[in-house]
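Working notes, structure below.
Please treat every number below as a calculation from the coordinates, not as lab data. On a predicted model such as this, the values are computed, not experimentally measured, just so you know. Methodologically, a virtual Cβ is constructed for each residue, glycine included, from the backbone with ideal geometry; neighbour enumeration extends over all protein chains shown.
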Amino acid sequence: MFGVSPAELLTIAIVILVVFGPERLPELSRKAGKALRELRDAADDLRRGIESEAGLTESDLGTVRRAMPPTLDSDSSPQPPGGSAGVESPE
């Protein structure tokens, strides 16, 4: 998840427990959940606003997604046009 291993998540959880203490964890969890929900709601409102202003429907967005070229994987390097990466052309 987000490039964080389970061991790192456990370490972060232990640090939070030590810093804030078990008494404040429920309060912090509620605040974090509320903030996350508000962030998601704001992102959804923004997306809906952009779609309505542009006059796009879900079927229009699906058409655009299918027409777009596939993106590169994060671990692959881009290929130069007309050739292979790392291969020099003979002159």
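Sum up the charges of everything whose Cβ sits under 14 Å from the Cβ of LEU36, counting Lys and Arg as +1 and Asp and Glu as -1, but leave LEU36 out.
Spelling it out: positives minus negatives among the neighbours equals +2.
Residues with beta-carbon under 13 Å from that of ILE50, excluding ILE50: net charge, scoring Lys, Arg +1 and Asp, Glu -1?
-3
With Cβ to Cβ distances under 13 Å as the rule, what net charge do the other residues near SER59 carry (K, R +1; D, E -1)?
Neighbour charge sum, excluding SER59 itself: -1.
Using the Cα gyration tensor of the range 7-64, with a ≥ b ≥ c the square roots of its eigenvalues, what is the shape: rounded (a/c below 1.5), prolate (a/b larger than b/c) or oblate (neither)?
prolate
Quick one: SER29, SER59, fewest Cβ neighbours within 10 Å first, how do they rank?
SER59, SER29
Run the numbers for GLU38 and GLU51: contour at 0.36 nm per residue of separation, minus the present Cα-Cα distance, in nm.
Contour length minus Cα-Cα distance gives 2.7 nm.
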